[in-house]
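A.B. asks: Input: one structure, supplied below.
The values are calculated or read from the model by the stated rules, or taken from the named source; none is laboratory data. Predicted, not measured: the structure shown is a model, and the values here were computed from it. No Cβ is skipped: glycine too gets one built from the backbone with ideal geometry, and neighbour counts run over all protein chains shown.
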Amino acid sequence: MAKTRVLIIDDDRELAGELQGALLFKGYDADCCTDERQARLRARLFKPDVILLDLRMPVKSGFKVAQELRDGGDAAGIPIIGMTGVANGGEAQRLMGRLGFADCLLKPFFPLDIITKIELALARRTAPG
């Protein structure tokens, strides 16, 4: 059986590496992209089942990256889970809904939180109608 593939897009190299290590330890196939400008290419090459996406990055916001991934077809049908250290207000929630985010993790979070969100997003994607 193939491992669940998770793409982590976060400009914080240390956090991305820690997330990758935790996911690998739990049996996932995980890859990192710390440059949001390369997110579409990494998504196309890695073909993830789930994307963990930081919402606040230096060049492009996670919302812009999600929109580019969706518009370019590189994340069609792939659950995107936002990650942020800033509590989301109404505008952020509206954008997340419009862009089809599966869920959001508030930093700091525990590894079990990540696994739970990933498994819920995958279950919703495969649940019958």
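A.B. asks: Inside the range 60-101, can you point out the residues that are assigned to a helix (DSSP H, G or I) and either β-branched (Val, Ile, Thr) or modelled with pLDDT of 85 or more (or both)?
C.D. replies: Taking the range 60-101 and keeping what is assigned to a helix (DSSP H, G or I), we get 62-71, 90-98.
Gly62, Phe63, Lys64, Val65, Ala66, Gln67, Glu68, Leu69, Arg70, Asp71, listed by residue number.
A.B. asks: Okay, next question. Name the one entry in Ala66, Ala76, Ala22, Ala30 that is out of contact with any Gly (no Cβ under 7 Å at 6 or more places or on another chain), in contact (Cβ under 8 Å) with a residue 24 or more places away in the chain and closer than 18 Å to Leu99 by Cα.
C.D. replies: Going through Ala66, Ala76, Ala22, Ala30 in turn, just one is out of contact with any Gly (no Cβ under 7 Å at 6 or more places or on another chain), in contact (Cβ under 8 Å) with a residue 24 or more places away in the chain and closer than 18 Å to Leu99 by Cα: Ala66.
A.B. asks: Over 21 Å from Asp11 (Cα atoms), surrounded by fewer than 20 Cβ atoms within 10 Å (Cβ to Cβ) and among the polar types (S, T, N, Q): is that true of Thr34 in this structure?
C.D. replies: No: the conditions fail for Thr34.
A.B. asks: Return the pair list, or none, for Cβ contacts closer than 7 Å from residues in the range 46-62 that are among the aromatic types (Phe, Trp, Tyr) to residues that are assigned to a loop (DSSP other than H, G, I, E, B), at least 6 apart or on different chains.
C.D. replies: As it stands, the answer is none, since no pair meets every condition given.
A.B. asks: Right, here's the next one. Given the criteria touching a helix residue (DSSP H, G or I) at 6+ places or on another chain (Cβ under 7 Å), of a type in the set (Asp, Glu), under 18 Å from Asp10 (Cα atoms) and surrounded by 19 or more Cβ atoms within 10 Å (Cβ to Cβ), does Asp49 qualify? Spell out how you get there, then give the answer.
C.D. replies: Working: touching a helix residue (DSSP H, G or I) at 6+ places or on another chain (Cβ under 7 Å): yes; of a type in the set (Asp, Glu): yes; under 18 Å from Asp10 (Cα atoms): yes; surrounded by 19 or more Cβ atoms within 10 Å (Cβ to Cβ): yes.
Yes.
A.B. asks: Does any residue of the range 113-127 turn out to be modelled with pLDDT under 90 and among the basic types (Lys, Arg)?
C.D. replies: For the range 113-127, residues modelled with pLDDT under 90 and among the basic types (Lys, Arg): present.
A.B. asks: Out of all the residues in the range 16-47, which are among the charged types (D, E, K, R), part of a helix (DSSP H, G or I) and within 19 Å of Asp74 (Cβ to Cβ)?
C.D. replies: Glu36, Arg37, Arg40, Arg42, Arg44 - these are the residues of the range 16-47 that are among the charged types (D, E, K, R), part of a helix (DSSP H, G or I) and within 19 Å of Asp74 (Cβ to Cβ).
A.B. asks: Return yes when Leu122 is surrounded by fewer than 19 Cβ atoms within 10 Å (Cβ to Cβ), over 16 Å from Asp10 (Cα atoms) and touching a Ser or Thr at 6+ places or on another chain (Cβ under 8 Å) and no when it is not. Let's see the steps before the verdict.
C.D. replies: Working: surrounded by fewer than 19 Cβ atoms within 10 Å (Cβ to Cβ): yes; over 16 Å from Asp10 (Cα atoms): yes; touching a Ser or Thr at 6+ places or on another chain (Cβ under 8 Å): yes.
For Leu122, the condition - surrounded by fewer than 19 Cβ atoms within 10 Å (Cβ to Cβ), over 16 Å from Asp10 (Cα atoms) and touching a Ser or Thr at 6+ places or on another chain (Cβ under 8 Å) - is met.
A.B. asks: Taking Asp113 as meeting all but one of (1) assigned to a helix (DSSP H, G or I); (2) buried (at least 17 other Cβ atoms within 10 Å of the Cβ), write down the number of the exception.
C.D. replies: The number of the failed condition is (2).
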